[in-house]
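Heads up: the structure comes next, in C-alpha cells.
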Amino acid sequence: MRYAAIVVALSFLILASLATIGAGAPAAGAGLPGRPAQPGAPERDTIRREREQLGKLLFFDTNLSEPRGTSCASCHDPRRAFSGNHGSTIGVPLGSRPGTYGLRNTPSLTYASFIPPFNIDAEEEVLEPKGGQFLDGRVSVLDQQAEGPLLAPLEMNNGDRATVVAKIKAAYAPGFKAAFGDDIFSRGTNRAFLAVGAALKAFESTATFHPFSSRFDRYRAGRLVLSAAESRGMSVFFDPAKGNCMVCHLARPQIVNAVAQFTDFGYETLGLPRNPAIPANADPAFFDLGLGGPKRRAPRGDPSFNGAFRTPTLRNVAVKEAFMHNGCFTRLEDVVAFYATRDTDPGRWYPHGVRFNDSPAADQQYINVSKPFGRHPGDAPAFQGQDIDDLVAFLRALTDEEFEAALPPLIRSAAVPAR
Ligand code: HEC
Ligand code: HEC
C-alpha cells in the first residue's frame with residue numbers, strides 16, 4: 001500500500017460507493033437496442049426487474065455449460081455467500097468437464113457490484129491500479145464479465161458466443177425480448193451475448209448480493225453489541241502496531257455513512273505459499289502472477305505488478321471453503337496466522353523454510369513487507385495467541401445473517417496444528 005494514496009483512495013471509495021448505491025442496478029442496458037434512449041422511470045423499473053429475474057434464471061441454469069450440469073451457482077454457491085469450489089477440495093474449482101480444475105479460487109460475489117471499473121491513478125508517480133473484475137482486474141466492469149466463465153474451457157466450456165446465444169434463445173426468448181427489446185435476437189450474436197451479461201449483472205447487483213446484515217453492520221447501526229472477542233478483534237484489525245489490516249482492507253467505521261467495503265480495491269503481492277495441487281503448478285516454471293499474467297498483461301508492462309492480486313472484501317470471507325487467489329489455505333485461522341508469522345516463522349508456511357515459493361526469484365523484491373509483515377525470522381510477531389482468535393472472531397462477524405449457517409466451527413489457534 002502506498003500511503004500517499006490513502007486519502008485519495010478513501011474519498012474515491014466513498015464517492016464510488018454512493019454512486020453505486022444511487023444508481024441501483026439499472027444502466028446495465030446502455031447501448032442495447034430496442035428501447036427508447038431515455039425511458040421514463042416506471043419503464044426503467046420494469047426493465048430492471050425483468051433483467052434481474054432473467055439474470056437469476058441464467059445464474060442457476062445448469063444447461064449453460066458443456067457438458068450440461070454446471071451453473072454459475074455450482075461455484076458461486078448461494079449458501080456460501082456465492083463462493084465455493086464446486087465440490088473440489090484442492091482450493092480451485094472443478095470445471096464442467098470431469099477432472100478439470102481452474103487456476104484460481106472462486107471469489108464470493110457478494111459486494112462484487114461495488115468494485116469500481118479497472119483504473120490506474122495516472123497522477124501518482126507510482127502507478128496505482130484499482131478495481132476491475134476478476135482477481136487480476138482483467139475485465140473492467142461486471143456486465144462484460146460473464147464471457148469469462150461461460151466460455152472458459154476450465155469452467156462452463158461453451159465453445160463460443162453463438163453456442164450460448166442458441167441455448168438462451170431456445171429457453172428464454174420471450175423474457176429476453178421483454179427485457180432487451182423484440183429485436184434482441186435479430187441484430188447479431190454479439191448483441192444478444194452482451195444482453196446475457198447485462199441480465200447477470202442486474203441479478204448480481206440486487207440486494208441479495210449486498211444485504212449489509214452482518215453482526216458488524218448491526219453493531220454499526222446501534223442494534224447489537226459485539227461480543228468481547230469480536231470487539232477485541234476489531235481493535236487488533238485497526239491497530240497500526242498489530243493487524244494494520246485496514247491499510248488494504250479499507251473500512252472506516254468512524255465515518256458516518258461511509259460504506260465499509262473492507263477493501264481499497266488496490267493490488268498487492270503477499271508472497272503466498274504455492275498450492276501444489278493446482279494442475280498448472282505441476283510445471284515448476286509456471287507462476288500465476290495476477291496483474292503480471294498469464295491471463296492479462298501488466299499495466300505498462302511494469303514488472304513490479306508481478307504477483308499482485310486485487311485486495312478482496314472481507315465481508316463473508318468466513319464462509320469460504322478456501323482462501324487467497326490460489327486457495328492455499330482452507331482455514332481462516334491459518335490466513336490470520338500467516339499475516340502474523342510469514343516473516344518471523346517462515347518454516348511454518350513454506351516447505352523447507354524456502355520463502356516465497358510461489359514467486360519467481362526475480363519478482364520476490366516486489367512482495368509486500370509493510371506492517372504486519374516486514375520482520376525477521378525469530379522476531380516476535382506483530383500479534384499472536386489471543387489476538388489471532390479475536391481477529392478470527394471479528395472476521396466471522398462480517399458474515400451477513402443470510403449466510404451465518406455456513407460458518408464452520410471455531411478453531412482456537414492454540415489447537416491449530418503447525419502445517
Ligand atoms: C467452475 C467454477 C465457476 C463457474 C461455473 C463460474 N465461476 Fe465465476 N468465478 C470463478 C473463479 C475461479 C473466479 C476468479 C477467476 C479469476 O480471477 O481469474 C470467478 C470470478 C467471477 C466474478 C468476478 C468477481 C470478482 O471479485 O472479481 C464474477 C462476477 C463471476 N465469477 C460471475 C460468474 C457468473 C455470472 C457465472 C455464470 C455465468 C460464473 N461466475 C460461473 C469460478 C466460477
Ligand atoms: C498490504 C495489503 C494487505 C494487508 C495489510 C492485509 N491484507 Fe488481507 N489481503 C490482501 C490481498 C491483496 C489479499 C488477496 C491476496 C491473494 O489472493 O493473492 C488478501 C486476502 C485476505 C484474506 C483472504 C480473502 C479471500 O477471499 O480469500 C483474508 C481473510 C485477509 N486478507 C485478512 C487480512 C487480515 C486479518 C489482515 C490484518 C492482519 C490483512 N488481511 C492485512 C491485502 C492485505
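The values are calculated or read from the model by the stated rules, or taken from the named source; none is laboratory data. Only a predicted model underlies this, so the values are computations on that prediction, with no experimental measurement involved. Here Cβ is always computed from backbone atoms with ideal geometry, including for glycine, and neighbour counts include all displayed protein chains.
Each row is one residue, and each column tells you yes or no for (1) part of a loop (DSSP other than H, G, I, E, B); (2) at pLDDT 95 or above.
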| position | (1), (2) |
| --- | --- |
| 376 | yes, yes |
| 383 | yes, yes |
| 391 | no, yes |
| 395 | no, yes |
| 398 | yes, yes |
| 409 | yes, no |
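Find all pairs meeting these conditions: Cβ atoms under 6 angstrom apart; at least six residues apart or on different chains; first residue within the range 144-158 and part of a helix (DSSP H, G or I); second residue crowded, with 17+ Cβ neighbours inside 10 Å and not small (Gly, Ala, Ser).
149/155; 149/156; 150/156; 150/158; 150/164; 151/158
If residue 140 satisfies every condition in (1) in contact (Cβ under 8 Å) with a residue 60 or more places away in the chain; (2) within 24 Å of residue 262 (Cβ to Cβ) but one, which is the exception?
(1)
Quick one: is residue 133 of a type outside the set (Ser, Thr, Tyr), closer than 22 Å to residue 59 by Cα and within 16 Å of ligand 2 (Cβ to nearest atom)? Step through it out loud before you land on a result.
Numbers: of a type outside the set (Ser, Thr, Tyr): yes; closer than 22 Å to residue 59 by Cα: yes; within 16 Å of ligand 2 (Cβ to nearest atom): yes.
So residue 133 fits the description; yes.
Quick one: is residue 300 farther than 30 Å from residue 71 by Cβ, surrounded by fewer than 20 Cβ atoms within 10 Å (Cβ to Cβ) and at pLDDT below 95? Steps first, please.
Values: farther than 30 Å from residue 71 by Cβ: yes; surrounded by fewer than 20 Cβ atoms within 10 Å (Cβ to Cβ): yes; at pLDDT below 95: yes.
Against the criterion (farther than 30 Å from residue 71 by Cβ, surrounded by fewer than 20 Cβ atoms within 10 Å (Cβ to Cβ) and at pLDDT below 95), residue 300 qualifies.
Any residue in the range 321-336 that is assigned by TED's automatic domain parsing to the domain that holds residue 409 sitting within a Cβ distance under 9 Å of a residue that is of a type in the set (Asp, Glu) and away from ligand 1 (no atom under 16 Å from the Cβ)? List the pairs, counting only those 6 or more apart or interchain.
Partner pairs satisfying both residue conditions: 323/334; 328/334; 333/389; 336/387; 336/389.
Would you list the helices (runs of 4 or more DSSP H) that sit entirely within the range 1-87 and hold 3 or more residues that are surrounded by fewer than 20 Cβ atoms within 10 Å (Cβ to Cβ) and modelled with pLDDT of 50 or more?
Details: elements: 6-23, 41-59, 72-75.
Answer list for the range 1-87: 41-59.
So if I check each of 226, 272, which one is of a type in the set (A, V, I, L, M), closer than 28 Å to residue 334 by Cα and more than 15 Å from ligand 1 (Cβ to nearest atom)? Quick ask: steps written out before the conclusion?
Values: 272 fails: more than 15 Å from ligand 1 (Cβ to nearest atom).
Answer to the selection: 226.
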